[in-house]
Structure formats: C-alpha cells, structure tokens
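The structure appears below as structure tokens.
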Amino acid sequence: MSSEEQDTVKTICPYCGVGCGIQVQQGEEPGDVRFMPWGDAPVNEGRICIKGGAATEVVDHEDRLTEPLIKEDGEFREASWEEAYEYVVDELERIRDDYEPDAMGFFGSSKTMNEENYLLQKIARRYGTNNVDNCTRMCHASTVWALRTSLGAGAMTNSMADLEEECDLFWIQGANPGEQHPIANSQYFRQAVLEGATVIQVDPHANKTTRSFQIDDTDRHQHLQLKPGTDIPLLNAVIKTILEKHEEEPEAGWIDEEFIEERTEGFEHLKETLEEFDKEAAAEECGLSLEEIELAAEKYAMANNAAIFTGMGMSQHACGVDNVQNEINLALITGNVGRPGTGVNPLRGQNNVQGTCDVGAMPNVLPGYQLVDDDEARESVEDVWGFEVPDEPGLTNVEVSHEFGNSVKGLYVMGENPVMSEPDANSVAERIQELEFIVVQDIFMTETAEYADVVLPATTWAERDGTVTNTDRRVQRMRGVDKVHENTKHDLEILSEVGCRLFGPENFEFDDPEEVFEELREVCPIYHGMTYDTLGEEGLHWPCYEPGDEGDSYLYADEFDTESGLGHIEGVSHTPPDEVPDEEYPLVLTTARLEEHYNTGTMSRRSPTLNRQIPENFVDVHPADAERYGIEDGDEVTITSRRGEITVEAQVTEDIKEGVIWTTPHFAAASANRLTNDVLDERAKIPEYKAAAAEIEVG
Ligand code: SF4
C-alpha cells in the first residue's frame with residue numbers, strides 16, 4: 001500500500017490548550033501510526049511545536065497497558081475484562097452501601113475528551129455524589145471562579161485570531177506562552193508584535209516569552225520581574241496610578257467613564273480599597289521600582305485595545321481568585337472588555353481543560369456551568385437524565401485527597417496522576433494507601449496506578465473519536481486510527497459498561513461518542529447549537545446556543561452574563577503567600593512547566609524526542625544566591641521544604657530573581673510537588689503551587 005492509500009485522519013494535538021490540528025496516518029500494522037502536518041488546520045495552519053510533532057511516539061510505546069490488571073497480595077496479575085468490571089462494580093456498590101455515595105471520589109481528566117468527561121460526571125451524579133473534579137482544579141479553578149462570577153463565563157473573553165488582528169498591547173501576567181503555548185505565541189501573538197503591538201510581561205522568571213519578543217531589548221516592551229506572590233500589590237499600584245492620572249487629566253482617557261457607568265458595578269468599592277494604598281511600599285514589596293510600574297500602567301491605559309493574558313502564575317495561589325479579580329478590575333475600568341483585541345484571557349494548559357469544565361466534570365457545576373445548587377438549573381438537567389442529582393456542591397479533588405481514609409474510602413481515576421500532580425505529593429502517596437478501593441483507567445502504569453486495586457487499559461488520543469475544546473472556546477473533533485492493542489478499550493466504552501452495570505442501560509448505553517455528544521448538547525446550553533456535522537473541520541467557538549449559530553469570537557459585546565448584566569468590579573487587598581521565607585527556609589520556591597514536557601510527564605517522559613531534549617529535572621538559581629551557597633553551574637543540589645526534598649542539577653542564571661528558585665513538576669524522580677504547599681484558595685480550592693519556603697544546599 002502506498003502512503004497515499006493509507007488511512008489518514010484529521011485530529012487535534014493531545015498536549016496543550018492551543019488545539020493545533022494535526023493528521024495521523026495509519027500504517028500497515030496496528031501501532032504503525034505516523035504524524036503528518038495538517039496544512040490548513042484552523043488554529044495552526046500546519047505549524048507545530050516539538051511536543052505536537054512527537055505526539056505519536058507514545059501511541060505504540062512498549063510501556064502501554066494491554067490487559068486489565070487486578071492487584072492480589074500486593075502484585076498485579078492479568079485479568080479478563082469481565083472479572084475487572086465485576087470487581088469495580090462490586091466495590092463501588094459496597095462502598096455506597098457500607099458508607100454513603102460521598103465516600104467515593106471521581107477524577108476526570110483534561111487529557112480525555114468532552115464525551116468521556118461528560119459520562120464520568122454523569123456516573124458520579126447517578127451514584128449520588130458531586131465529588132467529581134478534574135485537573136483544572138490544579139491550574140485555573142481560581143480563574144474560572146473569578147471570570148464566571150464577575151463577567152459570566154469561566155473562559156477566554158476573546159479568541160486568538162481576534163487578538164492577533166486587533167490587540168495593540170498584550171499584558172501577560174503569570175503566563176509563559178513562549179514555553180507553554182508555543183504555537184499561539186509564535187503564530188498569533190508574535191505576528192501582532194511584529195505589526196507593532198507592545199508586550200508587558202509580569203513574571204518572576206525570564207523565559208521563552210521574554211526572549212521571543214526580545215522584551216529586555218526594546219523600549220517598547222517591559223518585563224516586570226516581580227517577587228512570587230506579589231501580583232495584587234503590583235496590580236493595585238497599576239490601578240491606583242491610572243486613577244490618579246485620571247484625576248489629573250480627566251480628558252486623557254486613562255479610564256473609560258462611560259463604560260464604568262453603563263456596564264459595571266463596584267467601582268466605588270475599588271476606589272475605597274485603594275484610598276490608603278501606598279504605591280511606594282507596594283513597589284518595594286514587589287521588588288520593582290515605582291517608575292517601571294507607572295510606565296506599565298500608562299502603556300496599558302493608553303493602548304487602544306489592551307488584552308490581559310493570565311496563567312498559572314496568577315491562579316495557583318491561595319489568593320488566586322483575588323489575583324484574577326484584580327486583572328478583571330483593570331480591564332473593566334479601562335473599558336478593555338467586550339471588544340475585539342481586548343479582555344481577560346486565561347491560557348489553558350491541557351488539550352481539553354476548557355471542555356472538561358464545560359461538560360460539568362466539577363463538583364459545583366453541571367454541564368454548561370449550571371450550578372448544582374441552583375434548583376431550576378439542576379432540575380432542567382434532571383429532566384433529561386431522569387434521575388435526581390445531589391443539590392450540594394461536592395468536594396474538589398484536593399479536598400477528596402485530604403479526606404483519603406477519612407470520609408473518602410474509594411477513588412475512580414480516569415487519566416489523572418494525583419500522586420504526582422497534587423502538592424505535597426509525599427503525603428498524597430501516604431494517604432492514598434488509606435483508601436479501600438482504587439480503580440485507574442489509563443494508557444500507562446502511572447505513579448497513581450501503582451497504588452490501584454484495578455487498572456483498566458485505555459486507548460490513546462490517536463485511537464479514539466470525540467471532541468475537545470481549546471483555550472479560546474473552540475470545540476473541535478478528534479478522530480482516531482486503528483486500535484494498537486486488541487484488548488484495550490476506549491475510555492467511553494469502559495465508562496458506558498461500568499454505568500450500565502451499576503445503573504442499567506437506560507442512561508448509560510451509548511454506541512459511539514456522537515450519541516453522547518447529542519445528549520450533552522441537550523443539557524449544555526453553550527454547546528446546544530453544535531453537532532458533529534456542524535463542527536466539521538473548523539470547529540465552533542462556544543457559546544453556540546442554537547443550530548446555525550456561528551459561535552462568538554469574543555464575549556460580552558452588549559452585556560455581561562452576570563445576574564445584573566454588569567461586569568463586577570471588586571477591590572482586593574494583598575494576601576502574602578501562606579509560607580514566606582524565614583531562617584530555616586530562606587528562599588521562595590516557585591514552579592512552572594517546560595515546552596518539552598507535559599504535566600506529570602506520563603506521556604512526554606516516554607517520548608524519545610522530548611526526553612532527549614530535557615531528560616531530567618533542574619533548578620534555576622540566581623548568581624548571587626549561588627555565590628552565597630557555594631553553588632557552581634551544573635552542581636548537584638538538594639532542595640528542601642517543610643514537606644520533602646529533591647536532588648537536581650543547578651543552573652546558575654539571571655533568568656530568575658534573587659532569593660527565588662525555580663523548578664518543574666514533570667519528573668517522577670525529582671518532582672517539584674514533593675516540595676509544594678497544599679494550602680488552598682478558600683473559594684476555588686486551588687493549591688498554592690507558586691510559592692513555598694525552601695532551602696538549597698550542594699550535594
Ligand atoms: Fe500541541 Fe500545543 Fe504544540 Fe500546538 S502548541 S502542537 S497544541 S503542544
């Protein structure tokens with residue numbers, strides 16, 4: 001068979017939230033799966049980063065799980081699907097009978113598709129618990145909370161294409177698209193910058209974003225290299241500068257008075273919060289000069305269209321909701337929302353983290369962000385499903401993990417790896433052993449699957465059909481080639497079988513992903529107008545309320561999706577990180593991801609191309625700190641926090657601010673999450689990955 005004759009399908013890269021289209025070609029044998037570019041893919045037009053290009057390497061990896069496994073006397077043995085299903089269903093029923101439905105936790109995954117997460121959360125609700133969550137809890141739960149509460153939808157207000165065309169100032173705070181969203185950065189943002197847009201980067205770390213825009217080398221751009229956890233004082237200083245300048249020059253357009261008057265509420269509260277605010281003290285707290293903050297404020301306020309990009313440097317704090325609220329405040333007082341090229345735009349980390357939230361794999365919302373404790377919304381979903389849903393929000397995944405062995409006795413994990421992804425990972429590994437029953441469905445024996453009682457072998461991204469939703473709300477179809485291993489099953493097939501065995505076929509028997517999508521659109525208003533046919537190859541941006549809607553490239557043109565229809569401004573005050581440096585732990589440890597790896601590395605560490613680039617973890621140390629500790633570039637160093645230690649290679653570099661060390665969570669042998677703090681944002685329950693007190697020593 002010539003390569004032209006071989007089957008080729010158009011699908012979506014399984015890694016980051018940009019949602020690049022790629023093609024996958026089926027070779028002559030199952031497992032012979034090749035990457036091919038998709039030249040006119042809607043998001044990336046054929047461009048691809050190193051991760052996307054290497055994505056097929058894991059499909060036929062020798063570590064793939066190929067048979068169901070059951071643990072007996074501490075060892076896994078192969079089992080039939082029948083035996084595995086029976087065991088899973090018996091244990092789920094036993095836990096519900098011995099305790100209560102809330103004794104189970106269900107973890108969905110942004111590595112899996114909309115239909116799969118929809119079905120998992122439906123199983124959890126039918127089981128009688130809202131303890132269902134996904135990894136958005138670890139990345140943007142606070143962003144979703146703030147955006148949903150203050151603007152209406154927990155998603156990017158704008159889209160990458162309209163930002164490229166219309167934006168003339170990018171305010172990038174706590175995000176590093178040059179590393180984590182490479183194609184968005186190189187294709188959309190870089191193009192806008194080449195055409196004259198300005199970049200203000202706010203980050204303790206100089207990184208690929210800094211270098212891609214040559215931020216340090218021009219008068220046009222700025223890098224505000226603040227201390228971790230000082231985003232609120234920084235933004236308050238920016239906002240206060242804008243308000244003061246408006247007092248001095250009311251006609252100059254520092255704020256948008258008409259927009260504030262007609263489209264927002266809470267402006268007086270913001271002004272009151274900042275009345276006694278000391279900008280000089282704030283600048284010192286941030287480790288910046290007041291002049292550079294004031295200059296950045298002027299650039300933002302004077303831009304025609306300014307867009308804020310926000311990432312995990314903002315969201316992963318105990319004050320994550322307040323951090324994002326202050327970005328919303330800045331955008332609303334300057335009228336930078338509801339128009340092309342503006343807005344507050346979270347850059348989502350994983351290929352389907354937006355969709356996993358959209359379809360309701362969260363403890364407080366049903367599909368389409370309908371609140372479980374809103375009677376009318378819940379009843380409208382119950383009418384379609386034909387069963388009652390608990391009316392109180394469930395536990396988030398970190399709260400479930402905190403309850404292992406206490407109120408939570410069992411765990412159902414689809415495609416997640418909490419033993420590595422959660423903060424204070426050493427104690428997660430201890431606590432998980434307190435559970436009575438764990439089932440994991442995955443493609444590899446993850447660090448979490450090692451603790452499971454049953455492991456169900458799933459298929460990879462390249463073998464399945466379904467939909468995913470990218471960072472700018474574009475719902476796109478994924479299409480699969482042949483299964484590599486005969487006795488693996490698609491996640492949807494596994495969930496459907498478990499659901500049917502637990503509750504009967506009425507609600508859980510589905511022939512294919514499209515049938516699930518048809519039900520999803522019935523209960524999810526923002527997806528209601530989409531079908532597999534209308535998604536086609538281009539996909540559609542939500543909201544798409546009725547068939548024929550083309551979706552919105554930007555939101556809130558006329559009104560916000562809040563109860564009052566107004567954008568909500570609310571002043572916020574600085575909350576320092578839970579742990580600040582002291583004598584014992586005098587450094588601030590912060591963490592972030594790399595272009596070459598992906599979250600807990602389950603896939604990327606098994607990719608020869610990616611692993612060759614960066615095979616192990618490292619830490620960035622400022623030269624002044626290196627001198628103080630006697631560290632040379634390339635030395636082996638041990639980092640300790642109150643929760644554990646890791647040993648890694650030191651990179652001595654001015655990329656990081658003095659007093660701060662920076663490392664990554666990707667490598668099992670030395671994961672940053674053995675050190676991170678599991679304190680949570682009170683409302684969004686996101687952990688504070690971005691600031692922990694730490695010490696470092698050679699050796
Ligand atoms: Fe995949 Fe993201 Fe790279 Fe695009 S930018 S190829 S979606 S990892």
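A short reminder: the numbers here are calculations on the coordinates, not readings from a lab. What you see is a predicted model; the values in this text were computed from it and never measured. Reconstructed Cβ throughout: ideal geometry from the backbone, glycine too, with neighbour counts over all protein chains shown.
Under the combined filter of DSSP loop state and at most 12 neighbouring Cβ atoms within 10 Å, the range 1-110 retains none of its trypsin sites (Lys or Arg not before Pro).
Normalising the average separation of contacting C-alpha pairs (under 8 angstrom, six or more residues apart) by the number of residues puts the relative contact order of the chain at 20 percent.
As a rough footprinting exposure proxy, the listed residues L566, L366 were ranked by other beta carbons within 10 Å of their own, and the order from fewest upward is L566, L366.
Shape of the range 141-346 from the C-alpha gyration tensor: rounded (a/c under 1.5, with a ≥ b ≥ c the square roots of its eigenvalues). Straight-distance candidates among the lysines for linking to K240, with alpha-carbon spacing under 16 Å and chain neighbours fewer than 8 residues away dropped: K271, K279, K299. A simple rule links phi to the HN-Hα coupling: the Karplus curve 6.51 cos²θ - 1.76 cosθ + 1.60 with θ = phi - 60°, which for the range 50-58 gives 4, 5, x, x, 9, 5, 6, 5, 8 Hz, with x for Gly and Pro. Going by neighbour counts of Cβ atoms within 10 Å, the residues M603, M138 line up, fewest first, as M603, M138. Placing a pseudo-label 7 Å from each Cα along the Cα-to-Cβ vector at D219 and Q613 gives an inter-label distance of 3.6 nm.
Look at the dipole of the chain built from charges on Cβ: of L330, L120, M478, the Cα furthest out on the positive end belongs to M478.
Just in the range 51-156: which GluC sites (Glu not before Pro) are loop by DSSP and have at most 15 other Cβ atoms within 10 Å?
Answer in residue order: E62.
When peptides 124-131, 247-254 are sorted by average Cβ neighbour count within 10 Å, with the highest value leading, the order is 124-131, 247-254. With respect to the chain, whose longest principal axis is taken over its alpha-carbon atoms, helix 114-127 is tilted by about 70°. Based on C-alpha pairs under 8 angstrom that are at least 6 apart in sequence, the range 572-662 has a relative contact order of 32 percent. Taking every C-alpha pair closer than 8 Å and separated by at least 6 residues, the mean separation divided by the residue count of the range 537-693 gives a relative contact order of 25 percent. Taking the average, over residues, of other Cβ atoms within 10 Å as the packing measure, peptides 233-239, 576-582, 196-202 rank 233-239, 196-202, 576-582 from highest down.
In order along the range 162-169, the Karplus-derived 3J(HN,Hα) couplings, from 6.51 cos²θ - 1.76 cosθ + 1.60 at θ = phi - 60°, round to 6, 5, 4, 7, 10, 7, 10, 8 Hz, and Gly and Pro are given as x. Of the GluC sites (Glu not before Pro) found in the range 161-244, those that fall in a DSSP loop while having at most 14 other beta-carbon atoms within 10 Å are E195.
For the range 572-630 versus the range 342-368, the inter-centroid distance based on Cα atoms is 26 Å. Give the angle, between 0 and 90 degrees and rounded to the nearest 10, that separates the Cα long axis of helix 231-248 from the longest principal axis of the Cα atoms of the chain. Result, in degrees: 40.
Once each part is reduced to its C-alpha centroid, what is the distance from the range 647-699 to the range 292-323 in angstrom? Between the Cα centre of the range 647-699 and that of the range 292-323, the gap is 23 Å. With just the Cα atoms defining each centre, how far is the range 81-138 from the range 468-507? Give it in Å. Taking the Cα centre of the range 468-507 as reference, the centre of the range 81-138 is 14 Å away.
May I ask what percent, to the nearest 5, of DSSP beta bridges between residues of the range 515-666 are antiparallel?
Bridges in the range 515-666 that DSSP calls antiparallel: roughly 55 percent.
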